[in-house]
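Enquirer: Here it is, the structure in full.
The values are calculated or read from the model by the stated rules, or taken from the named source; none is laboratory data. Please read these numbers as outputs of a predicted model, since none were measured by experiment. No Cβ is skipped: glycine too gets one built from the backbone with ideal geometry, and neighbour counts run over all protein chains shown. Remember, those area values only see protein heavy atoms, side chains included, never the ligands or the DNA or RNA. Shrake-Rupley method; radii C 1.70, N 1.55, O 1.52, S 1.80 Å.
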Amino acid sequence: VNHLTNFEIFLLLSVLKVAVVLVITLLGVAYTVLLERKLLARMQNRWGPSRVGPFGLLQPLVDGAKSFLKEDMNPLAVERPLFILAPIIALGCALISMSVVPFGAVTRVQGVDLFQIANVNIGLLVILGVTSIGVYGITLSGWSSNNKYSLLGSLRSTAQMISYELSLGLSLVGVVLRAQSLNLRVIVDSQAAHGMLSWNIFGGFQFVAFFIYLMAAFAETNRAPFDLPEAENELVAGYHTEYSSMKFAMFFMAEYANMITVSCVATLLFLGGSTSVFGHLFDGFLNTPVANAIFPVCWFVAKVFAFLALYIWVRGTLPRFRYDQLMSFGWKFLLPLAMANILVTSFILAVRG
Amino acid sequence: MQLALFIVFGALALGGALNLLLQRHPIHSALSLVVVMMSLAVLYWSLGAEFLAAAQVIVYSGAIMVLFVFVIMLLNAGKEEHTPGSRAAYTVGFPGAAAIFCLLSFVFLSERGALMTSNIGGDLSSAVDNIAQLSAMLFTRQLLPFEVTSVLILVAILGAVVLARKEQ
């Protein structure tokens, strides 16, 4: 180790971190699909996938192999470069947002933080920016497919995402006002004092913001009850009608990667991130460096997992909205509510501060 | 590191700008413009203006350009034909571009001494919070221009609503 310069160590560890986070995220995506199929099946009184491996645990690997081996069809009338670029943009943007997420407590090895790829001052804005670029993947896929169902599906999806991005961004302002920073670490630290009681959703009185974020996040990721872009009885399969094989799988993975990102952001902003539910109550228990590094990551994963389960629960429970209902809900209810939340939060903070 | 970023993304911005002019399909041109915007954002960030970079990505590439692409898609604009272009562009364009180039290089060369010693982005180093500084500036010394700009945008929104409702 001694004959490497600081920069080389930083570079090596960073590349390693990126690789590990990428692999874990992709595995997470694969197993979120399985989790969804299993949970939905149990809600509908079925077994779900159960044949491949014990309890169907190897199903995602087999699905992946199937997508790889299928024939990759390119319809003749598509706009070739954009048709291929679109799924890459969608998946790339979905994965890039993970780079600013802090997964655990600050744990430095050779001066490099182990549980976060990049600690950026404007981490929250980076996530919002990358999400807004992800819209291009869907827009371009619909247009380049040269198919009316694809185009209509992508128009719906893009309009929905742009509309709900506003409420999403505004719902986060209350949290930023409380933490007085856009740095995700600082936001997490602002909720660390008393465990669950100082989470933004409870102690911070940001439950209205959390409700808005929840609704907007469902709409942003095109999930039930706002999964209109792929309303199969109206639009065949929406923007990915013409896609097959690996290119379809990339859209599919992007959807689940976005779900994971959204769950991570919800965890960081409203549920205290990687801090313990019990605050500092059990700090003396198992107080070793390794345990102190691992337990926060476990909390983080547990919270993200709970949020994903909520996603699936909602999908198994609620029917799909109509398109005009979706738009009026977003513009006439969520947006004013988010603005009112900002005014009330900043007023209270101004009075108290 | 900063030099490498500058060279890569400066080249990308120039390439995108050239591609914007040379492409014949409006969607390809619009996407080249997105590339230019994103490269500019990286350049801003490498200079220490991180909030400006984020605003550039969210506002320009994420909102305005999506709208452009949307409109082009909905109008179903076809390929453009290359026309010889207006006579005025040729007679004024090249001398004008040359004049601007000369003016810029004259300013840079004559102010070389001052530019060499100035620390670009030094005030915006990540040690001090960029956004706190910006907002303090916006809400104290620049309050009037800030509010006037907001009113201007409000007027534009109202105008759009009036225009859209006229048919009823």
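Enquirer: Between A:V277 and B:M137, what FRET efficiency follows from the Cβ-Cβ distance if R0 is 56 Å, with the result rounded to 0.05?
Expert: 0.90
Enquirer: Using a 1.4 Å probe and counting only protein heavy atoms, arrange B:H28, A:H280 so the residue with the most accessible area comes first.
Expert: Largest to smallest exposure gives the sequence A:H280, B:H28.
Enquirer: Here's another thing I want to ask about it. Would you list A:T261, A:T317 from the most to the least accessible area, probe 1.4 Å?
Expert: Of A:T261, A:T317, the descending order of accessible area is A:T317, A:T261.
Enquirer: While we're on this one: Just read off the accessible area of A:V344 with the full protein assembly in place, 1.4 Å probe, to the nearest 10 Å².
Expert: 80
Enquirer: Provide the per residue accessible area, probe 1.4 Å, for chain B, rounded to a whole number of square angstrom.
Expert: 72
Enquirer: May I ask you to derive the FRET efficiency for A:I294 and A:R42 from their Cβ-Cβ distance with R0 = 35 Å, giving the value to the nearest 0.05?
Expert: Values: r = 30 Å, r/R0 = 0.86.
Step by step, r from the Cβ atoms, then E = 0.70.
Enquirer: Would you list the P(r) distribution for chain A, with all Cα-Cα distances sorted into 20 Å bins from 0 and each bin expressed as a whole %?
Expert: Histogram of Cα-Cα distances, whole percents per bin: 27, 57, 15, 0.
Enquirer: Can you bin the range A:130-172 into rounded, prolate or oblate? Criterion: square roots of the alpha carbon gyration tensor eigenvalues sorted a ≥ b ≥ c, rounded for a/c under 1.5, prolate for a/b above b/c, oblate for the rest.
Expert: Since a/c reaches 1.5 but b/c is at least a/b, the shape of the range A:130-172 is classed as oblate.
Enquirer: Please compute how much accessible surface disappears when A pairs with B, both sides summed, using a 1.4 Å probe, and round it to the nearest 100 Å². Walk me through the numbers before you get to the answer.
Expert: On the way: alone 17970 and 13120 Å², together 29100 Å².
Separately minus together, A and B give about 2000 Å² buried.
Enquirer: Per residue, how much accessible area does the range A:137-279 have with a 1.4 Å probe, in Å²?
Expert: With all protein chains present, the range A:137-279 gives 30 Å² per residue.
Enquirer: From the phi angles alone, apply the Karplus equation (6.51, -1.76, 1.60; θ = phi - 60°) to the range A:90-106 and give each ³J(HN,Hα) in whole Hz, x where the residue is Gly or Pro.
Expert: 4, 6, x, 5, 5, 7, 4, 4, 5, 5, 9, 7, x, 8, x, 5, 5
Enquirer: Shifting gears a bit: Might you work out the accessible area of A:S198 for me, using a 1.4 Å probe with all protein chains in place, and round it to the nearest 10 Å²?
Expert: About 20 Å², rounded to the nearest 10.
Enquirer: Follow-up. For the range A:207-353, what number results from the quotient of the Cα radius of gyration and 2.2 N^0.38 Å?
Expert: Scaled against compact globular proteins, the figure is 1.32.
Enquirer: Out of the total accessible area of the protein assembly as shown (probe 1.4 Å, heavy atoms of protein only), what percent is carbon and sulfur? Mind showing how you got there, number by number?
Expert: Details: 20920 of 29100 Å².
That share works out to 72 percent.
Enquirer: With springs only between Cα atoms under 10 Å, which of B:L43, B:L138, B:L12 fluctuates most in a Gaussian network model of chain B?
Expert: So, out of B:L43, B:L138, B:L12, the one fluctuating most is B:L138.
Enquirer: Using the Cα centre as the reference, give the magnitude of the dipole from point charges on the C-beta atoms of the range A:271-353 (Lys, Arg: +1; Asp, Glu: -1; all else neutral), rounded to the nearest 20 debye.
Expert: The calculation lands at about 320 debye.
Enquirer: What is the distance, in nm, between label points placed 7 Å from the Cα along the Cα-to-Cβ direction at A:V301 and at B:F146?
Expert: According to this spin-label approximation, the distance is 4.4 nm.
Enquirer: Using label points projected 7 Å from each Cα along Cα→Cβ, tell me how many nm separate B:A11 and B:T91, to one decimal.
Expert: Each label point is offset 7 Å from its Cα along the Cβ direction, giving 4.0 nm.
Enquirer: So, one more: How large is the accessible surface of A:K38 in square angstrom, using a 1.4 angstrom probe and rounding to the nearest 10?
Expert: 50
Enquirer: Within chain A, how many Lys pairs that are eight or more residues apart, or on different chains, come under 22 Å at the alpha-carbon?
Expert: Qualifying lysine pairs in chain A: 6.
Enquirer: Using a Förster distance of 30 angstrom, determine the FRET efficiency expected from the C-beta separation of A:N74 and A:M327, and round it to 0.05.
Expert: That gives a FRET efficiency of 0.30.
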